[in-house]
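Reading through the structure tokens given below for one structure.
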Amino acid sequence: MNIRIPLNKNTIGEAEKKALIKVFDSGYMTMGKVTKEFEKKFAKHLGVKHAIYVNSGSSANLLAFSAIQDNDKFKPKSVKNTFLKPGDEIIVPAVTWSTSIWPIAQTGAKAVFVDSDPDTLQMNVDAIKKAITKRTKAICMVHVLGNSGHINEVKEICKKKKIWLIEDTCESLGVKNKNKYLGTFGDIGTYSFYFSHHITTVEGGMIVTNNDYIANKIMSLRSHGWTRDMNNSSEYEKQFPDIDPRFLFVNVGYNLRSTDMNAAIGLVQLKKLEKFNQRRHEIGKYWNSEFQYLTKKKVIQPMKITRGAKASWFGFPIICQSQEIRDNLRTHLEKNGIETRPIICGNMTKQPGIKNIKYRISGKLSGADIIMDRGIFWGSSPDMTKSEVKYVVSVVNKFFA
């Protein structure tokens, strides 16, 4: 049987192509009215006040951390949380993607790594509590591989300590915890629309918030630090009447905009999100059931779903009994056409690039080590056929026979 199971299949169809051509033929392809429509509909779908579209999920994270920097003379007194200064700390999970970490260093802050649970792959709440110091200004909750972090507990911690809660939801778009979308619990939520994610704009990302000030600051930071895209631009124009409002710069900034072409694809994909996620959920549930006998033998442990959440498997991650089993299983799967990956960066503190930033480790990272040494995942694309889903089961079963 010559079957190939990639991490994800191309979900872009004729409707996306037509939407893209329509924008291309209009002659207006940079960030404009189609982007604004995508932002509006995305915000409505999640039930938030603001959605800001950018060129990647990594850029969304960079803007999220930049938005809480103490570098704006115009920030309102109504914001109760303390803004970030150089040397302050942000708590992050050891198991995450690299661009959940690099922006912290780029803002002059220090990443504080805490352990992750090998069962759920999510941040350990007790480890978070122990990591908090007077210098802690934010917690970055990363929802890993279509599961949910312990978001309600962490939100309470942030509320009590008056620190920022940023949700990196790049791998869990559309997933709910107690009927509320992940990414909407905290002060800022980020999402990715990379090709292999829950929906795609080829490249792209989104930031959501209910905070008017944060939203406007991100709009400025996204585009050079100018006021043009801000909802409250007139307030700045009154303060600087001698400067042409078309080129009025009130903050440091980047160019992290996307295009109307990408947004046009996103508008079509957004309509498919619920269907895609339901299919991912069904596939994950089926595999969980089929591999119960291996779980009972403690040979493998599929990702356990966090209480209160309905997962939408980004991929199907498992923790093997040993590193040797993981390595041999990986070889077996790849040999039989099933593409695999490590569970994101594993223990991020063991990556060589970490030496380029300032960071602190709080407690032991034994759970993260287990995930790195014994973890693996394969794809669960919403377009997988029944025969492909069953083929994965047969290949895994053959290995453990």
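The values are calculated or read from the model by the stated rules, or taken from the named source; none is laboratory data. Please read all numbers here as calculations on a predicted model, not as lab measurements. In this analysis, Cβ positions are derived from the backbone assuming ideal geometry, glycine residues included, and neighbour counts consider all displayed protein chains.
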In the range 364-386, which residue that is surrounded by fewer than 16 Cβ atoms within 10 Å (Cβ to Cβ) and touching a residue at least 24 places away in the same chain (Cβ under 8 Å) is nearest to residue 300 (Cα to Cα)? 366
In the range 384-401, what count of residues is obtained for those that are among the small types (Gly, Ala, Ser) and either in a helix (DSSP H, G or I) or touching an Asp or Glu at 6+ places or on another chain (Cβ under 8 Å) (or both)? 2
From the option list 116, 172, 192, single residue qualifying as under 21 Å from residue 40 (Cα atoms) and touching a helix residue (DSSP H, G or I) at 6+ places or on another chain (Cβ under 8 Å) is 192
Just to be sure before I move on: is residue 28 part of a loop (DSSP other than H, G, I, E, B) and either over 18 Å from residue 211 (Cβ atoms) or under 16 Å from the mean Cα position of the chain (by Cα) (or both) in the structure I sent? yes
Over the range 366-386, the set of residues in contact with a Cys (Cβ under 8 Å, 6 or more places away or on another chain) and of a type outside the set (A, V, I, L, M) is 374, 375
Looking at the range 234-278 only, could you name the residues that are closer than 30 Å to residue 196 by Cα, in a loop (DSSP other than H, G, I, E, B) and of a type outside the set (D, E, K, R)? 253, 254, 256, 258, 259
Taking interchain pairs and intrachain pairs at least six residues apart, which have beta carbon atoms under 7 angstrom, with the first residue in the range 76-91 and buried (at least 16 other Cβ atoms within 10 Å of the Cβ) and the second assigned to a loop (DSSP other than H, G, I, E, B) and polar (S, T, N, Q)? 84/107; 89/133
For the range 279-321, which residues satisfy the criterion of being in a helix (DSSP H, G or I), touching a Ser or Thr at 6+ places or on another chain (Cβ under 8 Å) and either more than 20 Å from residue 340 (Cβ to Cβ) or assigned by TED's automatic domain parsing to the domain that holds residue 198 (or both)? 281
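Quick check on my filter: what residues within the range 310-323 are at pLDDT below 95 and not hydroxyl-bearing (Ser, Thr, Tyr)?
310, 311, 313, 314, 315
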Return the only residue of 34, 48 being in a helix (DSSP H, G or I), over 14 Å from residue 218 (Cα atoms) and in contact (Cβ under 8 Å) with a residue 60 or more places away in the chain. 34
